[in-house]
Amino acid sequence: MTTTEVFTIPLAKMSAKPCPGRVDSKGIVSAIFLALAMIGLLQFGERLDTLLFGGLFPVSGRIISMTMIGLGTMLYGLVPGIIVADINPLIATATGTSPLAPFWLITNASQAFSAWLVGRYFRNIISWPYVITYSITAALLLVVLYIPLHIFYFKMPWQKMLSMYAFQTAVCIPVPAIFLRGLLKVIRNAGFVEE
Amino acid sequence: MPILSVRDLTFHYPSASKPTLDGISFDLDRGECLAVFGSAKSTLCLSLVGAIPHLVPGRMQGEVVVEGVSTRSARLAELATKIGMVLQDPENALFNLTLAADVVFGMENLGVPREEMAARLETVLGLVGLQGLGGRMSQELSGGQKQRASVAAVLAMQPTILILDEPTRELDPLGTEEVFGLLARLKARGTTIVIVENDPDQVAPLADRMLLLREGKVAVLAPPREFYATVRDDPKIRFPQVTDLYLALQQRLGLTGPVPITLEEGIQSLGALYRQHARH
Amino acid sequence: MALYTFALEGRSWATRLHPMTMATVVVCATVIVFSTLHLGVMGATLAALLLFMVVGRLPARTTLAPLVLILPLCFFITLIQTVTQPEQIVASWQVLGREITFSGQGFVLGLRITLRVVLLALTLTFFFTVVHPAKFTKALCDLRMPFKYAYSFTLALRFLPLMLEELTTIKNAQQCRGYDIDRVNPLLRVFRVFPLMVPLVLIALRRAGTIALALDLRAFGARPDRTFFVEVQRGALDVGLRAAAVAAAAVVLGAVIGGWL
């Protein structure tokens, strides 16, 4: 017999919840809608990413995805965070907007994993130490995951790409951290969080 | 035996010191239509349908019994076959890509066999006037069509009670007419209806009784004529235009006839009044 | 027109294929494309895909349009290979004290990788053109994925246009308040997106709450043994197509491992 579990959400006192997180209707649907918001916001950085070698070294996409995936994971847990992360690649593939989309299933999920993993070590995630630690972890993990993509898919000489990786990482640490902390504070003040 | 029974229903939202619903009690008979006005209407609707206490956090006291089943103890899926709710914005109630998929969605969740789903789909689409549109994309429907689709999706689960929370708020006048036409047909078929609606001209002819909530308590529960006569001095209540006119004239001219709530009744009573005065 | 519109119309035999058949074709094509950069193999794969498109009466415009979006990527892939590969240098220039070389082998390698990207993009585009989202959900449930996760994709497809509309409304509202992201340098827009991000996220969370309520009131997730109105059946064509795809992948993989390719 299915029982209904009532959650008080989003996360009380803004602490990270253990896996799997909030997986009732509200958690899942909220994750989907955060993913859709992410898709909408991604369009604002398309030109920058196109200029950066056709999307091989995305900066704006990474900023938006790190922010929104981190937000989803922090609000609802790991599984909803993975939903936020992986809806975009599926939709992008279904609507034909990017050939790299299937790889984002893994690279985006790694950002949710980073947010969840780092969150286990912080009591309060609406804090600079948490968002910066998350940004650093996610950015570095993304570089590590993109290297096999560049090597096996595109046969790129990854050693020669180090400067681009460094530029990408340098931009994608502070900006998502600032956005994420700002968003979390606004969401808390808007009453979506129980203290 | 009433089909819906509310006993001393009290509800506090989390960290709220005052109750949003305070000691609400009333019964609803099969086939009756109850219109709800005042404050905490949506909270009452959520309590009737079982969302409180299963989904909405807070403290609930008292009892809501639907067809002999308490909403506290029954599962939401079981309650969905007895009482269904249509939300304000139909956009939030159509989750699938096509109309047919939306109508069958609830049935699928309840494990209804496929053949029966097909039969019910045809029936409810005919009932709401959307026959032949099953293959249409949900987002291509007009506002009125979407709200009727939303009603169809709930009716497909065969609830005996239908709750509508401001179903025409997002609709234009044509859409509003379509929805109320549907509700009149449903009522004629014996469906029990609870409706929250701010358009008095539409809801007054439909309702058998009207409930006014003030500060979470039942202030007035009466048939429409009596209701409007009782709340005549309440500035927050909107009256049907013909009722408003009649009540204004009633005070000035000392009229004693029944309060009209439809245009036809108004024409009859005010027409008689005009003829009476015209002779003098 | 969204890709899945063709699948919803159901006018082609291809839309009646089992979703797992198309998934098998995609996986096998991916294996083939990643196994080798042999032009003959990739050319044959491309020919097979185009044949499928023609015979299946897939809408050419909708299906091939996404390829335009990958042109910048293809250009940069070819350029990077041309300037970074060390063999067969055909030209070199001194730019700001550094030597930039152009490799013929790198250019050809870049074109092959471009073809690989095109093939993968085409395969996935065909999948989503042909597979009905509801059938995809059912197929995932048949593979024992819980319905509430399998359904996420359909829910996302349904509400994506709505969220994009909301974003447009927010953009217009902010314009009225003096914040116009269209006037910002396109290369810097992402750094100024916060005034759009905040209201959009709040609207998303609020709407999600209402939709989740509506889902629960329709018994969403009530039973693990829910029924499905849409039917997904496997026919002889499915068996044949799966066998052909697996055989092709096995042959190519075998040839690569055996050193013939």
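What follows is calculated from the coordinates using simple rules that are stated; it is not laboratory data. No experiment lies behind these values; they were computed from the predicted model shown. Note: ideal-geometry Cβ built from the backbone for every residue, glycine included; neighbour counts use all protein chains shown.
Remarks
- Neighbour-limited loop hits for GluC sites (Glu not before Pro), the range B:1-110 (at most 10 other Cβ within 10 Å; DSSP other than H, G, I, E, B): none
- Solution diffusion estimate, µm²/s, Stokes-Einstein, the range C:142-261, Kirkwood Rh from C-alpha pairs, 10 °C, viscosity 1.306 mPa s: 80 µm²/s
- Under the Karplus curve 6.51 cos²θ - 1.76 cosθ + 1.60, θ = phi - 60°, whole-Hz ³J(HN,Hα) for the range A:125-140, x wherever Gly or Pro sits: 8, 8, 8, 4, x, 5, 5, 6, 4, 4, 4, 5, 4, 5, 4, 5
- Scaled to the globular estimate 2.2 N^0.38 Å, the Cα spread of chain C, given as radius of gyration, is 1.30.
- For B:VAL86, residues with placed amide H under 5 Å, excluding near neighbours: B:ILE163, B:LEU164, B:ASP165
- Remark: mean inter-chain Cβ contacts per residue of B:51-60 equal 3, using a 10 Å Cβ-Cβ cutoff to other protein chain atoms.
- Top of C:LEU46, C:LEU120, C:LEU217 by mean-square fluctuation, Gaussian network on chain C, Cα under 10 Å: C:LEU217
- Think of the protein assembly as shown as a dipole: +1 on every Lys or Arg Cβ, -1 on every Asp or Glu Cβ, centred on the Cα centre; then among B:THR81, C:LEU111, A:SER110, C:LEU111 lies furthest on the positive end.
- Among the residues of A:53-65, the average count of other protein chain beta-carbon atoms within 10 Å of the residue beta-carbon is 4.
- Charge dipole (Cα centre; +1 on Lys/Arg Cβ, -1 on Asp/Glu Cβ; no other charges) of the protein assembly as shown amounts to roughly 1440 debye.
- At 0.890 mPa s and 25 °C, Stokes diffusion of chain B via Kirkwood alpha-carbon radius, µm² per second: 123 µm²/s
- Taking every DSSP helix (H) stretch of at least 4 residues in the protein assembly as shown, weighting each as -39,500 (n - 2.57) and dividing the sum by the residue count yields a mean residue ellipticity at 222 nm of -18000 deg cm²/dmol.
- Across B:LYS82/B:LYS187; B:LYS18/B:LYS217; B:LYS187/B:LYS236; B:LYS41/B:LYS187, pairs whose alpha-carbon gap is larger than 23 Å: B:LYS187/B:LYS236
- Averaged over peptide B:42-48, the number of partner chain Cβ atoms lying within 10 Å of each residue's Cβ comes to 0.
- Cα-based reach from C:LYS138 at 18 Å (exclusive), listing lysines while leaving out same-chain residues under 8 positions away: C:LYS148
- Positive minus negative residues near B:GLN241 (Lys, Arg vs Asp, Glu; Cβ under 15 Å): -3
- Taken over the Cα atoms of the range A:23-189, the convex hull encloses 106 Å³ per residue.
- All aspartates and glutamates inside 20 Å of A:LYS160 as judged from Cα atoms, apart from same-chain residues fewer than 8 positions distant: A:ASP49, C:GLU87, C:GLU99
- Across chain C, Cα pairs under 8 Å and at least six residues apart give a relative contact order of 30 percent.
- Estimated D of the protein assembly as shown in µm² per second, where Rh is the Kirkwood radius over Cα pairs and Stokes-Einstein applies at 4 °C, 1.567 mPa s: 45 µm²/s
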